[in-house]
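Reviewing the structure listed below.
The values are calculated or read from the model by the stated rules, or taken from the named source; none is laboratory data. Treat the numbers as computed from the prediction; the structure is a model and nothing was measured. Cβ coordinates were reconstructed from backbone atoms using ideal geometry, including for glycine residues, and neighbour counts include every protein chain displayed. With ligands, DNA and RNA removed, areas are computed over all heavy atoms of the protein, side chains included. Shrake-Rupley method; radii C 1.70, N 1.55, O 1.52, S 1.80 Å.
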Amino acid sequence: VDVPHLRGRRLLLRPLARDDYEAWRDVRRASREWLERWEPRRPPGETAPSARDDFVAMLADRAAEHAAGTGYSFGIFADDGFAGAMNMRPIERGPFQSARLGYWIDERVAGRGYMPEAIVLVLRFAFGEAGIHRVEANVIPRNAPSRRVMEKLGFREEGLALRYLQIAGVWEDHVRYAMTAEDWASQGAALEHTWLEEE
Ligand SMILES: CC(C)(COP(=O)(O)OP(=O)(O)OC[C@H]1O[C@@H](n2cnc3c(N)ncnc32)[C@H](O)[C@@H]1OP(=O)(O)O)[C@@H](O)C(=O)NCCC(=O)NCCS
């Protein structure tokens, strides 16, 4: 599957390219504290993600995943440019056909409903062309904005996984949210209507 450009009401999602580096770095810098609270801490010695080489290496990894069908990663672009990232990776194929969502947005444009719009775009692609059956997102219980996004989109809360993922150096419990192709078949049209169509 070629990675398409996904267009919503206000947003464009497309794979990041080398030319996006400066915009990506600027947003990462401006929102560093707001983002790093919710992200894994890198092992000592690993290059800081703010370096150009690291960005280019990330693009190469993501392109290889696209080609293999094991991950799809998008930059989120609004009118005023790069706004955040939407990663559907890894994707486990075979009898699972299951994908994990990760997402973040520039603090300066939070609260505009950009992320729900971006997630609906990616769900339509996932359950359509990409042939995925289950999309999961795992959220730290105290991450109220992210849980709110899951609720607004009707993701099912499936339980609490203890010490699930290392975030900012701590093995944090995570609430497991999921949506399957069956859910999308019944709820997708309403989600598209709410989040993708002109008001
Ligand atoms: C979670 C996140 C992606 C939501 O993106 P968003 O585009 O702001 O989503 P929404 O506009 O739908 O807002 C979701 C909720 O955030 C809260 N919110 C609104 N404005 C906010 C602001 N300026 N700052 C923080 N939270 C805000 C509100 O509770 C809102 O719910 P509401 O629509 O019922 O009012 C974003 O907060 C983020 O990037 N957080 C840091 C990284 C992160 O937590 N990623 C997810 C890890 S699982």
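Here are a few things to note about the model shown:
- Matching option when the condition is surrounded by 15 or more Cβ atoms within 10 Å (Cβ to Cβ) and at pLDDT 95 or above, among GLU182, GLU158, GLU192: GLU192
- Looking only at segment 125-155, and only at residues there that are among the small types (Gly, Ala, Ser) and touching a Leu at 6+ places or on another chain (Cβ under 8 Å), the one that is least open to solvent (accessible area, probe 1.4 Å): ALA137
Every residue, every condition in (1) within 16 Å of the ligand (Cβ to nearest atom); (2) modelled with pLDDT of 90 or more; (3) over 22 Å from LEU121 (Cβ atoms); (4) open to solvent by 90 Å² or more (accessible area, probe 1.4 Å), yes or no:
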residue	(1), (2), (3), (4)
LEU12	yes, yes, no, no
ALA17	no, yes, no, no
ASP20	no, yes, no, no
GLU33	yes, yes, yes, yes
TRP38	yes, yes, no, no
PRO44	no, no, yes, yes
ALA48	no, no, yes, no
ALA51	no, no, yes, no
PHE55	no, yes, yes, no
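- Residues satisfying the stated conditions in segment 80-97, i.e. closer than 26 Å to ASP26 by Cβ and modelled with pLDDT of 95 or more: GLY81, PHE82, ALA83, GLY84, ALA85, MET86, ASN87, MET88, ARG89
- Scanning segment 132-180 for residues that are within 10 Å of the ligand (Cβ to nearest atom) and either outside any strand (DSSP E or B) or over 17 Å from the mean Cα position of the chain (by Cα) (or both) yields ILE140, ASN143, ALA144, PRO145, SER146, ARG147, ARG148, VAL149, MET150, GLU151, LYS152, LEU153.
- Taking segment 110-131 as the range and being part of a helix (DSSP H, G or I), closer than 21 Å to GLY84 by Cα and either modelled with pLDDT under 95 or not hydroxyl-bearing (Ser, Thr, Tyr) (or both) as the test, the residues that pass are MET115, PRO116, GLU117, ALA118, ILE119, VAL120, LEU121, VAL122, LEU123, ARG124, PHE125, ALA126.
- On inspection, GLU107 does not qualify as in contact with a Gly (Cβ under 6 Å, 6 or more places away or on another chain) and either near the ligand (Cβ under 9 Å from one of its atoms) or among the hydroxyl-bearing types (Ser, Thr, Tyr) (or both).
- The single condition from (1) away from the ligand (no atom under 16 Å from the Cβ); (2) surrounded by 13 or more Cβ atoms within 10 Å (Cβ to Cβ); (3) over 20 Å from ALA137 (Cβ atoms); (4) not polar (S, T, N, Q) that PRO95 fails is (2).
- Close contacts from segment 107-122, counting a first residue that is open to solvent by 10 Å² or more (accessible area, probe 1.4 Å) and a second that is hydrophobic (A, V, I, L, M, F, W, C) and within 7 Å of the ligand (Cβ to nearest atom), with Cβ to Cβ under 7 Å and a gap of 6+ residues or different chains, come to GLU107/TRP34; TYR114/ILE105; MET115/ILE105; MET115/VAL149.
- The test for being over 20 Å from GLN166 (Cα atoms) and more than 16 Å from the ligand (Cβ to nearest atom) does not hold for GLY81.
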